[in-house]
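Since every read-out is calculated from the coordinates, none of them should be taken as a lab result. What you see is a predicted model, and the numbers here were worked out from it, not measured in a lab. Please note: Cβ atoms are built from the backbone with ideal geometry, for glycine as well, and neighbour counts cover all protein chains shown.
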Amino acid sequence: MKPLPVILYLHLTLSVLSRTALIFLDKFPSPDDAILEQSTVAMFKENNWTTFTTTNERVSADLTGKIDLYVQPGGNKDVSIMFNGFSSDDVKAIQNFVNNGGKYYGICLGAFLAGPDFFNIIPWGSAIQNKVGFLKPALTKFTINGTTNVIYTQEPPELGKHQENGIDAIGNFPDGSSLFLVKGYGKGKVGLMAAHPEAQSSWSTDTIFVEDNIAFDTGILLAEHLFGDYSLEALSAGAILGIVLASVAFIGFLIGGVIYFQKRRHSIRSNMKTAQKL
């Protein structure tokens, strides 16, 4: 992936200073799942999000109006076993949170959990299935807005080749299936991620593995898309120009302020010298 333009990255960083994410951590994770979860926390923290964590039977108490985004990380548990760790109050809290305008970000296992047999915040007629031929850990090519890169996958959900109204499909794998889907639920939005943007280079010995910060950038940009801040498939030259002009204007304002105060200080010193002579 090409590095984000500096100004766009700056704009992204500034835009999330007030964002707050609540990230689920399983109360009884396997060692591998603990790594998945902590990597997810790191992805948000390193991109200037305010992050809190919650766990089984605490979601309903922690998912308050101060939270912008609920994050359900990936994991290696069977989806049914994972779901059984949530109380009915937790499930209802997640549904109400999104219905009232909150955002849900499900990564791999978290995408499965959004389905009709579990959290039921994706109104599809059947459960989300595993993607055929992707059972083993792999670095899989994906394309967003004409740029191709690789991302870590392991038993990902099959998100299909959606073109329906009301579903925003972002990025695709070589077979045309979606990397990330956004679907409205009530007043909120649900984002389903088929891969692992939180993956770090230590997870693979493959020499083409993307650097940690680039993988994190992909995950955060897609999280930001839930808030309507970026249209990753159609980021126009006009939008980029607008960001550039706004940034230039801000820099100009700072420079103008520095020049003003330097002149003001020089004027005060001149007046003091004149008063001393008198």
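For Glu155 and Leu254, what does the FRET efficiency come to when R0 = 51 Å and r is the distance between their Cβ atoms, rounded to the nearest 0.05? After rounding to 0.05, the efficiency reads 0.55.
Taking amide H as placed 1.01 Å from N in the peptide plane, Glu155 has its amide H under 5 Å from the amide H of Leu135, Lys136, each at least 5 places away in sequence or on another chain.
Look at Arg58, Arg19 and count the other Cβ atoms within 10 Å of each Cβ; fewest to most, that gives Arg58, Arg19. The length gained by stretching the chain between Thr20 and Leu135 to full extension, at 0.36 nm per residue less their Cα-Cα distance, is 38.1 nm.
Once you list every other residue whose beta carbon is under 9 Å from the beta carbon of Val190, what net charge do they have if Lys and Arg are +1 and Asp and Glu are -1? Provide the component values of the computation, followed by the final result.
On the way: positive: Lys103, Lys183, Lys189; negative: none.
Here the charged neighbours net out to +3.
Placing R0 at 35 angstrom, the Cβ-Cβ distance between Asp117 and Glu46 gives a FRET efficiency of 0.55 after rounding to 0.05. Between Ile81 and Thr148, the FRET efficiency estimated from the beta carbon spacing at R0 = 35 angstrom works out to 0.50. Taking a point 7 Å from the Cα of Thr53 along the Cα-to-Cβ direction, the residues of the range 102-116 with backbone N closer than 19 Å to it are 105-110. With the simple model of a label 7 Å out from the Cα in the direction of the Cβ, Gln38 to Asn99 spans 3.7 nm.
With a threshold of 20 Å on the Cα-Cα distance, the over-threshold entries among Lys77/Lys161; Lys66/Lys103; Lys103/Lys183; Lys77/Lys183; Lys27/Lys131 are Lys77/Lys161; Lys77/Lys183; Lys27/Lys131. Need the C-alpha centroid separation for the range 38-54 versus the range 55-111, integer Å. Each part's Cα centre sits 16 Å from the other's. Spin-label model, Lys66 to Ser201: label points 7 Å out along the Cα-to-beta-carbon direction sit 3.7 nm apart.
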